[in-house]
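The values are calculated or read from the model by the stated rules, or taken from the named source; none is laboratory data. Computed from a predicted model, the values in this text were never measured in an experiment. Glycine also receives a Cβ, built like all others from the backbone with ideal geometry; neighbour counts cover every protein chain displayed.
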Amino acid sequence: MNMLAILNLVIFAALLSFLFQMSNRGMSLSRRTLLSLVVGSVFGFYLQMVFGSSEVVPQTLEWTNMVADSYVNLLRMIIMPLVLITMLAAVMKVDEIKSLGKIGGTVVGVLIFTTMVSALVGIMMATLFGLNAGELASGAREMARAEVLESRVGGVANISFPELISSFVPRNIFADLSGSRSISIIAVVVFGLLLGIASLLVAEENKEHGDRIRGFIDTTQAVVMRLVKLVISLTPYGVLALMARVIATSDGDAIVTLIGFVIASYIAIAIMFVVHGLMISMLGANIKTYFQKVWPVLTFAFVTRSSAAAIPLTIRTQIEDLNIPAPIANIAASFGATIGQNGCAGIYPAMLATMVAPTMGVEIDISFIASLLVIIAAGSFGIAGVGGGATNAALVVLPAMGFPVMVAALLISIEPLIDMARTALNVNGSMTAGMVTTRFLKADNSAESNEASGEAVSES
């Protein structure tokens with residue numbers, strides 16, 4: 001290994017040690033996460049500016065990625081146990097929530113509604129900035145990407161709605177617990193719901209069995225929540241490594257070339273954060289307090305670009321910090337990671353379609369906007385069955401509008417930069433759905449309803 005790479009690793013180790021010292025001094029997790037975001041950005045910028053495209057950067061990142069990937073893997077590890085036990089525990093206390101069906105329907109309704117609003121915002125920004133797909137340059141990398149996307153169009157766009165719905169029902173729960181399908185999370189939610197109902201029926205038939213089941217579930221939930229708390233405590237170290245990788249590998253030239261699209265995307269995303277805030281404030285919640293509590297989750301989503309990996313943080317934050325009942329928190333986090341993603345399924349395909357329309361001789365009028373919003377609403381639901389986020393949303397929406405998918409390939413160089421903010425918006429959208437559902441159904445997250453999880457957190 002290059003000596004300069006070794007020096008960089010010594011610096012990285014010193015930064016990790018610094019964050020550990022901040023923890024020992026009593027600095028809060030949210031502040032340490034913010035600090036790690038800044039420090040990681042500075043370290044990544046140092047790697048790119050000093051070493052550029054030399055071998056020193058990949059040699060350094062090969063080792064720093066060990067920290068980043070290990071942290072993300074740990075979060076992915078606890079997703080399924082957390083979703084299953086939280087859903088199971090919630091159903092066992094079904095008297096707290098009048099109707100689980102209303103929860104699911106309200107959550108999905110909020111997600112789809114906010115996605116349509118985000119699509120409208122994307123159309124407005126693309127129009128305001130005068131973005132046009134015909135002005136984008138294509139190189140060998142973009143053409144290769146275009147061929148890949150063209151080969152995927154059929155498989156993504158031909159999934160029917162009935163097929164999608166039936167895929168939510170687990171066929172092999174052990175396979176879904178391993179995350180073998182893109183919609184495995186929703187399948188585990190369904191299994192947890194069915195298992196909870198069966199447990200309730202057993203408890204009604206036999207009080208002794210019911211007491212044992214409740215005791216087992218409470219104990220298991222406490223252990224899982226303690227595990228979640230343990231993994232989340234590692235967030236500053238993971239964010240440091242992840243942010244360093246993002247900044248060190250960013251294509252500065254591509255960002256400059258496509259700066260208009262980058263700025264328009266970030267403004268659209270910022271507007272949707274404002275929309276989420278307004279929705280929450282209309283329900284009587286304090287916007288400032290809300291964003292203070294969800295900041296660590298948004299930070300993690302930003303640097304990891306993974307809504308699924310953020311599920312453990314999303315569920316815990318909703319239950320413990322936002323006072324959202326466990327059933328609503330679980331369903332909102334699980335559905336929000338796969339359905340109605342405001343950033344990936346709303347803003348992104350809307351902007352692409354608006355950019356392509358002028359090149360196809362299509363006028364951007366009320367008819368175009370209405371058609372696009374309907375397709376995006378349906379597509380935001382449909383991408384849950386295929387996975388892939390923004391790209392798959394574009395592969396659904398663009399062909400449905402009669403447009404080519406080439407424009408998605410032309411933006412490949414700046415995709416990571418924008419996807420960071422889109423993912424944060426996706427996650428915030430799921431928590432907003434949880435907040436709205438809670439207030440709409442007038443559900444209370446009492447101490448009793450989350451006894452096990454609350455004890456797990458308070459004791460750690």
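Filter segment 376-404 down to residues that are among the β-branched types (Val, Ile, Thr) and touching a Pro at 6+ places or on another chain (Cβ under 8 Å) and give me whichever is modelled with the lowest pLDDT.
Pass one, segment 376-404, residues among the β-branched types (Val, Ile, Thr): 376, 383, 386, 391, 396-397.
Narrowing further to those that are touching a Pro at 6+ places or on another chain (Cβ under 8 Å): 376, 396-397.
Numbers: ILE376: 89, VAL396: 80, VAL397: 85.
The selected residue is VAL396.
Among what's in segment 218-234 and is over 22 Å from the mean Cα position of the chain (by Cα) and either modelled with pLDDT of 90 or more or under 16 Å from ILE315 (Cα atoms) (or both), pick the residue that is surrounded by the most Cβ atoms within 10 Å (Cβ to Cβ).
Per the stated criteria, the residue is GLN221.
Please pick out the residue among ILE375, ILE364 that is assigned to a loop (DSSP other than H, G, I, E, B), of a type in the set (A, V, I, L, M), more than 11 Å from the chain's Cα centre (by Cα) and more than 30 Å from ARG226 (Cα to Cα).
ILE364
Sort out which residues of segment 236-252 are of a type in the set (Ser, Thr, Tyr) and modelled with pLDDT of 85 or more, and write them in order of number. Step through it out loud before you land on a result.
First pass over segment 236-252, keeping only residues of a type in the set (Ser, Thr, Tyr): 237, 249-250.
Hit for segment 236-252 is TYR237, nothing else.
Do we find that VAL407 is modelled with pLDDT under 85, closer than 28 Å to ILE247 by Cα and either of a type in the set (A, V, I, L, M) or in contact with a Cys (Cβ under 7 Å, 6 or more places away or on another chain) (or both) in this structure? Don't jump to the end; show me each part of the working.
Working: modelled with pLDDT under 85: yes; closer than 28 Å to ILE247 by Cα: yes; either of a type in the set (A, V, I, L, M) or in contact with a Cys (Cβ under 7 Å, 6 or more places away or on another chain) (or both): yes.
The answer is yes for VAL407.
If a residue has to be under 14 Å from ILE375 (Cβ atoms) and either polar (S, T, N, Q) or touching a Pro at 6+ places or on another chain (Cβ under 8 Å) (or both) to count, how many in segment 340-356 make the cut?
Looking only at that region, the number is 2.
Among TYR46, TYR71, which is in contact with a Gly (Cβ under 6 Å, 6 or more places away or on another chain), in a helix (DSSP H, G or I) and of a type in the set (Ser, Thr, Tyr)?
TYR71
Just need a number here: residues in segment 253-285 that are loosely packed, with under 15 Cβ neighbours inside 10 Å and modelled with pLDDT under 90.
Residues that pass the stated criteria total 6.
Got at least one residue in segment 92-104 being touching a residue at least 60 places away in the same chain (Cβ under 8 Å), of a type in the set (Asp, Glu) and under 30 Å from GLY210 (Cβ atoms)?
Looking through segment 92-104, at least one residue is touching a residue at least 60 places away in the same chain (Cβ under 8 Å), of a type in the set (Asp, Glu) and under 30 Å from GLY210 (Cβ atoms).
What's the number of the condition THR338 fails, among (1) within 11 Å of the chain's Cα centre (by Cα); (2) in a helix (DSSP H, G or I)?
(2)
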